[in-house]
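Data first, discussion second: the structure below is written as structure tokens.
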Amino acid sequence: MSGACARLDRRGERTGGTVDFSDRRGRCVVLDEVTDENWRAVADVAPADDQRRFVAALGARYLLLSLRGGVWNSLAIRAGDSVVGHVMWAYDEEGGAHWIGGMIVDAAEQGRGVGRAAVRALIGRLAALPSCREIRLSYHPENAPAARLYAELGFAPTGDFEDEEVVAALAVPPTAGR
């Protein structure tokens, strides 16, 4: 692993100095493009058994959705030198919002702050896009850990639902990263 992590506040905004997307073990958490070298590791990411009612059983499902659906963009979540998760993002032209979806952190990496660091990193990446004014995501109403994490990062429920999931939004300040 090379380079320093960058430091952002809880909402993904730069606080100066380097940005720290590290997990609780001190590993730098990075979002990588899915490549010929890492796609198998991303495909094999599996959540804890009790999370399978909220997310896909394997990262492979989300990779296929990205490849075949034409809307989503998959990213590998790497902690240190290992692929430990998957997250994807999309832009909704009709609604004008960027969306975060399909996040899985491998069961063996749960509870180490990887998910929080990955969402913060993706908020920073999306907020730097000139077209980004709002970031949305959805989560199952019974997924209390996800609801807590997203609220702590500044996402607020909109009152809308996507299928059976609560939609939450984060407003992006006009100057964020741009």
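The values are calculated or read from the model by the stated rules, or taken from the named source; none is laboratory data. Note that the coordinates shown come from a computational prediction; the quantities given were computed from them, not determined experimentally. Heads up, the Cβs are rebuilt from the backbone with ideal geometry, glycines too, and the neighbour counts pull from every protein chain shown. Note: accessible area is taken over every heavy atom of the protein model, side chains too, but ligands, DNA and RNA are not part of it. Shrake-Rupley method; radii C 1.70, N 1.55, O 1.52, S 1.80 Å.
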The chain - accessible surface per residue (Å², probe 1.4 Å):
53 Å²
Could you tell me whether the chain comes out rounded, prolate or oblate from its Cα gyration tensor? Rule is a ≥ b ≥ c as square roots of the eigenvalues, rounded for a/c under 1.5, then prolate if a/b exceeds b/c, otherwise oblate.
rounded
With the cut-off at 1.5 for a/c, could you classify the stretch 104-178 from its C-alpha gyration tensor as rounded, prolate or oblate?
oblate
Of all the accessible heavy-atom surface of the chain, with the other protein chains kept in place and a 1.4 Å probe, what percent is carbon and sulfur?
49 percent
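Add -39500 (n - 2.57) for each DSSP H run of 4 or more in the chain, then divide by its residues: what number comes out at 222 nm, to the nearest 500 deg cm²/dmol? It would help to have the intermediate numbers written out before the result.
On the way: 4 runs with 39 residues, N = 178.
After summing the helix terms and dividing by residue count, I get -6500 deg cm²/dmol.
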Spin-label proximity, residue 54 to the stretch 137-164 - amide N less than 12 Å from point 7 Å beyond Cα toward beta carbon
138-151
